[in-house]
Amino acid sequence: MNLLAIETSCDETSAAVLDGPSSILSNIVLSQDEIHAPYGGVVPELASRHHLESITWVVEEALGQSRLSLPQVDLLAVTQGPGLIGSLLVGLSFAKGLAYYFRRPLLGIDHLEAHIQAAALEKGAVDYPALAAVVSGGHTSVYFLERELEYRLLGRTRDDAAGEALDKVAKFLGLGYPGGPVIEKLAAGGDPRAFPFSSPQMSDRSLDFSFSGLKTAALRWVREEALTADHPRLPDFLASLEQAVARIILENIERAVFLYHPRTLLLAGGVARNRRLRLAFESFAREQGLGFFIPSPKLCTDNAGMVGALAWKRFERQGGPELDLGMNAYPRFIVPTEQLRRKKAR
Ligand code: KG4
Ligand code: ZN
């Protein structure tokens, strides 16, 4: 069986072809970073327009690299949400068009669940139950997976996502977009203890995240210390900021581990590319004696390979849905599929 997956939820146009649950024949990612860089963040309308221009080429490239043609595709998958509505609609409409013409099943996939699947993708068999954190530019969430594909949301950010906070600080300093990779580069060799940052305190002890306090504290340091892109203390400041992001994420994971007793820890999303966070996550998992996995950097950021991997697993478990040409995009975060199914069943 061959599966074609499409991902256009934010500012990457991506298509992938798989011939097995973890066998990716091609995974083309066309980044729009250069288009949004002058604005210091993603401009939704520009994102949609560029998806529209690029989607055909990206899909053709994915098929070409896998040496397949469209009629040889047996199953289609597309990111249904959450994401930017205009961006999602480009991928969804394109995938629907293909499904309609070739009469193939089309699976709508949740972007955040797909990020988690990226962590399972390279790992092979994950020992469940697992705890998964998705840390990206749009989301910071922690899930409990009792079994494979059963996602239970434990907490999510109440304001900024971790990557968003990094992007905003980078923008303020004029370092460019996306902020995470630039910050990581400039923080190299910096002292992560030089600038103190406190952790947010959730009054209800929930497992939610908050990064707007960290962002505000960072911007205060920038003003107070008159930090600029070429300031000698910039590496120390950025290393401290990275360290604070890693610490806040791990403090939450630690509490979740204590409450839910997983066997495995998974980390995913664009910010999971960050070396400091990866190392902190790894050493925490080792300390706790837990299995852990973080995708290789190219599978951390948005890509259709992870969407295809999740779609394949879902297809194996549930079979192909009837061709649903009424399928719509959902822009905002929704309760994970498993919880919805359970609610309905009650
Ligand atoms: O998962 P992703 O590609 O898109 C969303 O779904 O949001 O994540 C993008 C985010 C951006 O905020 C970017 O600054 C951050 O991931 N990021 C990083 C690194 N590479 C990308 N953050 C920290 N360190 C990195 N090396
Ligand atoms: Zn993402």
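The values are calculated or read from the model by the stated rules, or taken from the named source; none is laboratory data. Computed from a prediction, not measured in an experiment: that's the story for all the values here. Cβ sites come from the backbone with ideal geometry, for glycine too, and all protein chains shown count toward neighbours. When the accessible area is computed, the model is the full protein with side chains, heavy atoms only, and any ligands, DNA or RNA have been set aside. Shrake-Rupley method; radii C 1.70, N 1.55, O 1.52, S 1.80 Å.
Can you tell me how many residues within the range 252-281 are among the basic types (Lys, Arg), open to solvent by 90 Å² or more (accessible area, probe 1.4 Å) and in contact with a strand residue (DSSP E or B) (Cβ under 9 Å, 6 or more places away or on another chain)?
Selection size over the range 252-281: 1.
From the residues in the range 137-146 that are at pLDDT 95 or above and of a type outside the set (Phe, Trp, Tyr), which one is surrounded by the most Cβ atoms within 10 Å (Cβ to Cβ)?
Step one: filter the range 137-146 for residues at pLDDT 95 or above, giving 140-146.
This time we only want the ones that are of a type outside the set (Phe, Trp, Tyr), so: 140-142, 145-146.
Numbers: 140: 30, 141: 25, 142: 23, 145: 24, 146: 13.
Across the range 137-146, the extreme among qualifying residues is 140.
Tell me, which residue of the range 172-181 that is among the small types (Gly, Ala, Ser) and buried (at least 23 other Cβ atoms within 10 Å of the Cβ) is nearest to ligand 2 (Cβ to nearest atom)?
Looking at the filtered set, the residue picked out is 180.
Exactly one of these conditions fails for residue 64: (1) closer than 21 Å to residue 332 by Cα; (2) over 20 Å from the mean Cα position of the chain (by Cα); (3) free of Cβ contacts under 8 Å to residues at least 40 places away in the same chain. Give me its number.
(1)
Just one of 275, 220, 286 is closer than 23 Å to residue 300 by Cβ and free of Cβ contacts under 8 Å to residues at least 24 places away in the same chain; which is it? Working first, answer last.
Details: 275 fails: free of Cβ contacts under 8 Å to residues at least 24 places away in the same chain; 220 fails: closer than 23 Å to residue 300 by Cβ.
Of 275, 220, 286, the one residue that is closer than 23 Å to residue 300 by Cβ and free of Cβ contacts under 8 Å to residues at least 24 places away in the same chain is 286.
For the range 235-273, what are the residues that are under 24 Å from residue 124 (Cβ atoms) and either of a type outside the set (A, V, I, L, M) or at pLDDT below 95 (or both)?
260, 261, 262, 263, 264, 269, 270, 273
Got a sec? Which of 150, 184 is within 24 Å of residue 11 (Cβ to Cβ) and acidic (Asp, Glu)?
184
Inside the range 117-147, can you point out the residues that are among the hydroxyl-bearing types (Ser, Thr, Tyr) and closer than 19 Å to residue 248 by Cβ?
Once the filter is applied, which keeps residues that are among the hydroxyl-bearing types (Ser, Thr, Tyr) and closer than 19 Å to residue 248 by Cβ, the range 117-147 yields 136, 140, 141, 143.
Got a sec? Which of 20, 40, 83 is crowded, with 23+ Cβ neighbours inside 10 Å and touching a residue at least 60 places away in the same chain (Cβ under 8 Å)?
Details: 20 fails: crowded, with 23+ Cβ neighbours inside 10 Å; 40 fails: crowded, with 23+ Cβ neighbours inside 10 Å.
Result: 83 is the single residue among 20, 40, 83 that is crowded, with 23+ Cβ neighbours inside 10 Å and touching a residue at least 60 places away in the same chain (Cβ under 8 Å).
Can you tell me which of (1) closer than 30 Å to residue 259 by Cβ; (2) open to solvent by less than 10 Å² (accessible area, probe 1.4 Å) is the one residue 169 doesn't meet?
Here residue 169 meets the rest and fails (1).
For the range 300-323, how many residues meet the condition of being out of contact with any Leu (no Cβ under 7 Å at 6 or more places or on another chain), away from ligand 2 (no atom under 16 Å from the Cβ) and assigned to a loop (DSSP other than H, G, I, E, B)? Give the steps one after another, and end with the answer.
Residues of the range 300-323 that are out of contact with any Leu (no Cβ under 7 Å at 6 or more places or on another chain), as a first pass: 300-304, 307, 310, 316, 318-319, 322.
Okay, now just the ones that are also away from ligand 2 (no atom under 16 Å from the Cβ), so 316, 318-319, 322.
Keeping just the survivors that are assigned to a loop (DSSP other than H, G, I, E, B) gives 319, 322.
Qualifying residue count for the region: 2.
If the Cβ limit is 7 Å and pairs must be 6+ apart or interchain, which residue in the range 136-150 that is of a type in the set (A, V, I, L, M, F, W, C) pairs with which residue that is within 16 Å of ligand 1 (Cβ to nearest atom) and open to solvent by 40 Å² or more (accessible area, probe 1.4 Å)?
Matching pairs, first to second residue: none at all.
Using the structure shown, decide if residue 138 is of a type outside the set (A, V, I, L, M, F, W, C), within 16 Å of ligand 1 (Cβ to nearest atom) and not in a helix (DSSP H, G or I).
Numbers: of a type outside the set (A, V, I, L, M, F, W, C): yes; within 16 Å of ligand 1 (Cβ to nearest atom): yes; not in a helix (DSSP H, G or I): yes.
The answer is yes for residue 138.
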